[in-house]
Amino acid sequence: MAGDPNAAPTPTTDAPAPATAAEEEGILAPIAEPATLPRATPSPSWLTPSRWGWAMAGAPVLLALGTAANALWRRFGPDEHSRVAAARAAKQRELLAQAERGLASGDGFYPALAQLLQAAAVERAGSEGEGLPRHALLALLARKGVSSADCDRLRDLLDRCDAARFGARGESASEREAALRTTRELLTSSTALKPGSPTRPPRDPTADERPHRPRPGPCGPPRPPPPCRLLTSV
């Protein structure tokens, strides 16, 4: 049955649930004093005023010591040239050891020997020898002071390395030992591929064609002789 639309709505009353014993105990509990609450005790700081003072006093001293050590290292430590020379010597020792391991079987002997000789020749020739073909590099070494005999030995060793690389020549262990001995002689000779060897300046072919000029004396250039006077009789 439909209700009367003009009738007033009937109010509903929802009564609250009664409080439990635990809620009543919490509500009626006594108020805790701040002094009775548990507190966490902070740990003492490691940065004490005395430590801060020592740090501020020691910072300039450490800076001065670091600056002095850096200056001493630049003055007495190895420079760039020494480091490059040490790296070059280490690479030579490595290649020589590789060649010695291949003396009996020949494995890796001639590649190590070719790399060692080529690097030593370019190092001896300087920056002008980088990227040059073999004949031009040998000509440059001759102008740099390497003797013709050492140039011939170097050319022969490089040719043997090329022949062994392409399988055009087979050598015995004794021949490889002789090649290694020749390589050591070239690397240690002061007139061959040893780093720091004296460089012979190229000879000027026109030096002998220049006219000789008398050097001036301590009082200036030489004076021409006085003209001759003819004596006539009266």
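Net length available on complete extension from GLU94 to PHE76 is 3.7 nm, with 0.36 nm assigned per residue and the Cα-Cα distance removed.
Each residue of segment 116-124 was assigned a 3J(HN,Hα) from its phi angle through the Karplus curve 6.51 cos²θ - 1.76 cosθ + 1.60 (θ = phi - 60°); the sequence is 5, 5, 5, 5, 5, 5, 5, 5, 5 Hz, with glycine and proline shown as x.
Computed from backbone phi with θ = phi - 60° and the Karplus coefficients 6.51, -1.76 and 1.60, the 3J(HN,Hα) list for segment 154-164 is 5, 4, 5, 5, 5, 5, 5, 5, 5, 5, 6 Hz; x is used for glycine and proline.
Values in this text are rule-based calculations from the coordinates and carry no lab data. The structure presented is a predicted model; accordingly, all values stated were derived computationally and were not measured.
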